[in-house]
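A short worksheet on the structure shown next.
The values are calculated or read from the model by the stated rules, or taken from the named source; none is laboratory data. Note that the structure is predicted; figures quoted are calculated from it, not measured. Ideal geometry is used to build each Cβ from the backbone, glycine not excepted, and the neighbour counts take in all protein chains shown. We work out accessible area using only protein heavy atoms, side chains counted, and drop any ligands, DNA or RNA first. Shrake-Rupley method; radii C 1.70, N 1.55, O 1.52, S 1.80 Å.
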Amino acid sequence: MLNLADLRQEYTRQTLSEAEVLPDPLAQFNRWFEEALAAQLPEPSAMNLATVGADGRPSSRIVLLKVVDRGFVFFTNYLSRKGLEMEQRPWAALNFYWAELERQVRIEGPVAPCEPELSEQYFNSRPKLSRIGAIASAQSQPLPHRDELEARMAQLEADYATTEPPRPAHWGGYRVMPRYLEFWQGRRSRLHDRVTYTWQPDNTWALGRLAP
Ligand SMILES: Cc1cc2nc3c(=O)[nH]c(=O)nc-3n(C[C@H](O)[C@H](O)[C@H](O)COP(=O)(O)O)c2cc1C
């Protein structure tokens, strides 16, 4: 049996206080993201996306953050499990874990498909084989044999040998609009810092702190 009980780490790198965070949580996120980039973390834009099915059961998976504007945008298949769950329950939770910086960011809010223009722009920026892959794969559907997928891919590669593959209607972005965020900085003896932003009815952010 694995002995996991003794695996533990002291977090001592940095601190986080209400006084030092930026008033706008998106600006604060950008600041931390830039620090994650500067630290050359392996995949700083990888985030966990949690959704809930119509039956109330949660599911989660990793996706890549691609745009930060007024919300957090990622791209996927609208007919995937996550896509169908977000259609039925349009609220999502995101989580970034930047281990080397001893940081976690949690984001929650309503989620909706982004503008088709943004999906189009990002789709067209992807390598051709990734674009063809998006057409070839019915994400989250049962796939009895991998050969079927490979054959579909080969056929599409031949079909689009001299033309550009168009974005399928079922592929595009979602934007999570932040309504609640938490910036977590690991501290000594498990006395971590947790600074929160909660969206208020008067369209301002309320800053808070939670016990670790
Ligand atoms: C590092 C990493 C990045 C990923 N990025 C994406 C992504 O941006 N979009 C996506 O649809 N799936 C991405 N995936 C795959 C998803 O985790 C997941 O397998 C897929 O979206 C199907 O999820 P679903 O069946 O719950 O809809 C990524 C996986 C990993 C490990």
Accessible area per residue, 1.4 Å probe, Å², for the chain: what's the number?
58
Taking a ≥ b ≥ c as the square roots of the Cα gyration tensor eigenvalues, with a/c under 1.5 meaning rounded and otherwise prolate when a/b beats b/c or oblate if not, segment 1-94 comes out oblate
Among L26, L143, L84, which one shows the highest mean-square fluctuation when the chain is modelled as a Gaussian network with alpha-carbon springs under 10 Å?
L143
In whole percent, what relative contact order does the chain give with Cα contacts below 8 Å and a gap of six or more residues?
25
What are the ³J(HN,Hα) couplings of segment 8-22, residue after residue, when phi is run through the Karplus curve with 6.51, -1.76, 1.60 and θ = phi - 60°? Round to Hz, x for glycine and proline.
7, 10, 8, 9, 9, 5, 9, 10, 9, 10, 4, 6, 9, 6, 6
Cα long-axis angle, helix 25-38 against the chain (0 to 90 degrees, to the nearest 10):
80
Quick check on the chain: helices-only [θ] at 222 nm, where DSSP H runs of length 4 and up contribute -39,500 (n - 2.57) each and the sum goes over total residues. Nearest 500, please.
-8000 deg cm²/dmol
Show the residues, 5+ positions off or on another chain, whose built amide H is closer than 5 Å to the amide H of H192.
R187
GNM of the chain, Cα pairs under 10 angstrom: of R175, R89, R188, the biggest fluctuation goes to R188
Please give the net charge around P144, taking every other residue with its beta carbon less than 15 angstrom from that of P144, where Lys and Arg add +1 and Asp and Glu add -1.
-1
For the chain, using Cα atoms only, the Rg and Dmax in Å read 19.9, 60
At 4 °C in a medium of viscosity 1.567 mPa s, segment 162-212 has a Stokes-Einstein diffusion coefficient, with Rh taken as the Kirkwood radius over alpha carbon pairs, in µm² per second, of 89
Rounded to 10°, Cα long-axis angle of helix 116-125 versus longest principal axis of the chain:
80
Estimated dipole of the chain in Debye, rounded to 20 [Cβ of Lys and Arg +1, of Asp and Glu -1, Cα centre]
440
If one computes the Cα centroid of segment 90-109 and of segment 1-61, what distance in Å separates the two points?
4
Relative contact order (%) - segment 103-212, alpha-carbon pairs under 8 angstrom, separation at least six:
34
Considering only protein heavy atoms and a 1.4 Å probe, what is the carbon-and-sulfur percentage of the accessible area of the chain?
53
Relative contact order of segment 20-128 (C-alpha contacts under 8 Å, at least 6 apart) in percent is 22
What is segment 116-190 by shape, rounded, prolate or oblate, if you read a ≥ b ≥ c off the alpha carbon gyration tensor as root eigenvalues and call it rounded for a/c under 1.5, prolate for a/b larger than b/c, and oblate otherwise?
prolate
